[in-house]
Amino acid sequence: MTQQRLSAATWKAEIVKMRGFGSPLPAADEASVIAYLAAHLGPSVPQPPPNTVVTAPPVTYTNAETSASASTASASTTNANGAQLYAQNCAACHGAAGAGVPGAFPPLVHDPVVTAANPAAHISAVLKGVHGKAIGGKSYSSPMPPFAQLSDNDIAAIINHERTSWGNHAPTVTPAQIKSAR
Ligand code: HEC
């Protein structure tokens, strides 16, 4: 219900009407009652415009710091994983920089399988191992052990590390390619 806003003159007219209905307002109080009504229920009282809905401005929660550090972390994790997994699983034979050990373990730097555009032989070597293969005209008496126990992600990271390190510039692989080669 909306309270009507009336001027002092209108309130006076209202009071005159109420008198007519038998209102007991004493004439001595009439002026102060009109002043009171006009002051508190008069047209000069500032009112919010009708249908004004006060809404808070939309708040967008941004956390630039978190998202920035998260993307940095994931990017560096991918690179670090390949290098780290290579160091843990392969470097003992092929060397930290892929140079191999002459006569014992083949180098992976500029190796035809590691630098081939088609990664099938590279993936197969890591998943299934290599034995009795002459590489660059050299035979190796010890076999390359299979690494099928590593996850698709880990093998892809290792292969990509070999394909993009030490001067190698070969196309990279996805974990899905490892999965389908198993
Ligand atoms: C125990 C030693 C050893 C470890 C560990 C090892 N390799 Fe080998 N790798 C070899 C030997 C030996 C050969 C060559 C085998 C042959 O020609 O018969 C080889 C061959 C390869 C080849 C084939 C190269 C070609 O031209 O055919 C690739 C690729 C390769 N290794 C990658 C890896 C990766 C990746 C890892 C780690 C996940 C790894 N190796 C761990 C010893 C090892």
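What follows is calculated from the coordinates using simple rules that are stated; it is not laboratory data. Bear in mind that the values here come from a model prediction, so they are computed numbers and not experimental data. Because the Cβ atoms are built from the backbone with ideal geometry, glycine has one as well, and the counts that use them run over all protein chains shown.
Things to note:
- Shape category assigned to the range 81-181 from the gyration tensor of Cα positions, a/c cut at 1.5: rounded
- Taking label positions 7 Å along the Cα-Cβ direction at both residue 149 and residue 14, the computed distance is 9.1 nm, reported to one decimal.
- Extension gain from residue 120 to residue 87, taking 0.36 nm per residue of separation minus the Cα-Cα distance: 9.6 nm
- Cut-off 13 Å between beta-carbons: net charge of the residues surrounding residue 12, Lys and Arg +1, Asp and Glu -1: -1
- Neighbour net charge for residue 180 - beta-carbon separation under 15 angstrom, K R +1, D E -1: +2
- Ignoring lysines fewer than eight residues from residue 179 along the same chain, the ones with Cα atoms less than 17 angstrom from its Cα are 128.
- Long-range HN-HN contacts of residue 130 with modeled amide H, under 5 Å: 144
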